[in-house]
Each structure stands twice: as structure tokens, then as C-alpha cells.
Amino acid sequence: MGVRVSRPTLSAGDWIRAATEALVAEGVSAVAVEPLAEHLGATKGSFYHHFANRDELISAALAEWETVQTEAVISELELIADPAERLRVVMTAAITDRPGGLRDAALLTSATHPLVKPVVDRVTSRRLKYMTETFVELGFPRARARRRARQLYLGYLGLYEYLRAGLGQLSEAELRAYASELLDALLSQ
């Protein structure tokens, strides 16, 4: 009589996290059922219990990113009355969140994929619209507010693409200084 090894029961969230990690590390092509199952110590049956196919998993990972990392963040920011403080809070948090910054840069890099592109487009538009409106609240004319929002967002994404490519390393203090100086430059009228 053999000993039966029980495997932990995985949730859809476990698969989504593993898919997101694979996407960040190696791109959309790395989101494949068998390697993810092996990484998680699970069977393909576990995957198919939660998702009909690979595309459904990728879509779920992207939906979670859009909801948790954009819509929920914007909702929380609305609790801060001062628009300059809102920008400081969100950009300092974003720039000092290495995993989040690397994820956002990786998703932008994967934006040519047909499942990724519409979500990255929506998230980018939503984030830029929010930052533009915040700059308008600060008294910037709309056209200038749009340019400042774009500069701020690209300063964030560019930093993480630079780090993702292994072109440099920054300490937590250096990331905070980067966020502060970027915001100081862009908030000045």
C-alpha cells in the first residue's frame, strides 16, 4: 500500500499570482499551464478547476491588476483633499513599490499581445486622466496638466524599465529621492 501525498488546494488567486509573476519575469509566453502547475506543485486539473484555458487566466490576472492597482488606488486617493498631496502619496508609493513598478513596466512591454493591449490601454488612460485632473485641480491649464501627467507617469515607467533591464540599482532612499525630485519639478508652475 503506497502513501498518498496530498497537495495543497490552490485557489484561483494562487494561479493568478503565479501567472502575474511569470508574465513579469518572462512575458506573456511564460504564462503556460504546465510550467505554472509545476511551479505551484499542482496538477493541470487544478488549473482547469478554476480556468477554462490559458487566455482566461491571463485575462483574470490583467483584470485583477486593473481593479486592485488602478481603480482601488484611485478610490483611496480620493480620501486625500489636497491634490498635491494625492500626487505625492501615489507617486511615492508607486516608485518605492519595486514589485509593482516592475510589474507595470513588464505589462507595458507586453502590450503588443492582443489580450494585454486593451487592458494596458485602459489602465494607462485611466491613470493619465486621473493625474491630469489632479494637475487641473492644482491650477494647471488642461493641456499643460496632460503633459505633466504624462511626464510623471513616464518618469515612473521609465525608471522601472531601466531597473528591469538591469541597467542600474537604486536603494529605497534613492527611490524616495527620485519620487520627491520628480514631483517637485512637475508640481512647480
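Scanning the stretch 108-125 for residues that are at pLDDT 95 or above and assigned to a helix (DSSP H, G or I) yields Val116, Lys117, Pro118, Val119, Val120, Asp121, Arg122, Val123, Thr124, Ser125.
Residue by residue, here is whether (1) under 24 Å from Glu76 (Cα atoms); (2) hydroxyl-bearing (Ser, Thr, Tyr) holds:
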residue	(1), (2)
Ala111	no, no
Lys117	no, no
Thr124	yes, yes
Gly139	yes, no
Arg150	yes, no
Leu154	yes, no
Leu157	yes, no
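If the condition is being surrounded by fewer than 16 Cβ atoms within 10 Å (Cβ to Cβ) and either within 21 Å of Gly27 (Cα to Cα) or of a type in the set (Phe, Trp, Tyr) (or both), then the stretch 67-85 contributes Thr67, Val68. Residues that are part of a helix (DSSP H, G or I) and under 24 Å from Phe135 (Cα atoms) within the stretch 35-78 comprise Glu66, Thr67, Val68, Gln69, Thr70, Glu71, Ala72, Val73, Ile74, Ser75, Glu76, Leu77, listed in sequence order. So which pairs qualify, if the first residue must be in the stretch 123-139 and farther than 16 Å from Leu154 by Cα, the second must be among the charged types (D, E, K, R) and assigned to a helix (DSSP H, G or I), the Cβ gap must be under 8 Å, and the two must be at least 6 apart or on different chains? Once the first residue is farther than 16 Å from Leu154 by Cα and sits in the stretch 123-139, its partners that are among the charged types (D, E, K, R) and assigned to a helix (DSSP H, G or I) give Thr134/Arg86; Val136/Arg142.
For Asp55, are the conditions met, namely being more than 18 Å from Leu183 (Cα to Cα), touching a Leu at 6+ places or on another chain (Cβ under 8 Å) and surrounded by fewer than 19 Cβ atoms within 10 Å (Cβ to Cβ)? In short, yes.
With (1) under 30 Å from Ser125 (Cα atoms); (2) buried (at least 18 other Cβ atoms within 10 Å of the Cβ); (3) among the polar types (S, T, N, Q) as the list, and Ser46 as the residue in question, which single condition is left unmet? Ser46 satisfies all of (1) under 30 Å from Ser125 (Cα atoms); (2) buried (at least 18 other Cβ atoms within 10 Å of the Cβ); (3) among the polar types (S, T, N, Q) except (1). Please tell me if Leu108 is on the phi < 0 side of the Ramachandran plot, of a type in the set (A, V, I, L, M, F, W, C) and loosely packed, with under 14 Cβ neighbours inside 10 Å. Against the criterion (on the phi < 0 side of the Ramachandran plot, of a type in the set (A, V, I, L, M, F, W, C) and loosely packed, with under 14 Cβ neighbours inside 10 Å), Leu108 does not qualify.
Scoring Leu128 on the criteria (1) assigned to a helix (DSSP H, G or I); (2) loosely packed, with under 13 Cβ neighbours inside 10 Å leaves a single failure, condition (2).
Close contacts from the stretch 16-41, counting a first residue that is on the phi > 0 side of the Ramachandran plot and a second that is surrounded by 17 or more Cβ atoms within 10 Å (Cβ to Cβ), with Cβ to Cβ under 8 Å and a gap of 6+ residues or different chains, come to Gly27/Ala106; Gly27/Thr109; Gly27/Ser110. Return yes or no: is Gly158 outside any helix (DSSP H, G or I), of a type outside the set (Lys, Arg) and under 29 Å from Ala25 (Cβ atoms)? In short, no. Scanning the stretch 172-186 for residues that are over 20 Å from the mean Cα position of the chain (by Cα) and not aliphatic (A, V, I, L, M) yields Glu174, Ser180, Glu181, Asp184.
For Asp82, the criteria (1) under 29 Å from Ser171 (Cβ atoms); (2) touching a helix residue (DSSP H, G or I) at 6+ places or on another chain (Cβ under 7 Å); (3) at pLDDT 95 or above hold in every case but one, which is (2). Kindly evaluate Ile16 against the criterion of being touching a helix residue (DSSP H, G or I) at 6+ places or on another chain (Cβ under 7 Å), modelled with pLDDT under 95 and either of a type in the set (Asp, Glu) or part of a helix (DSSP H, G or I) (or both). So Ile16 fails the test.
The values are calculated or read from the model by the stated rules, or taken from the named source; none is laboratory data. Note that the structure is predicted; figures quoted are calculated from it, not measured. As a convention, Cβ positions derive from the backbone with ideal geometry for all residues, glycine included, and neighbour counts pool all protein chains shown.
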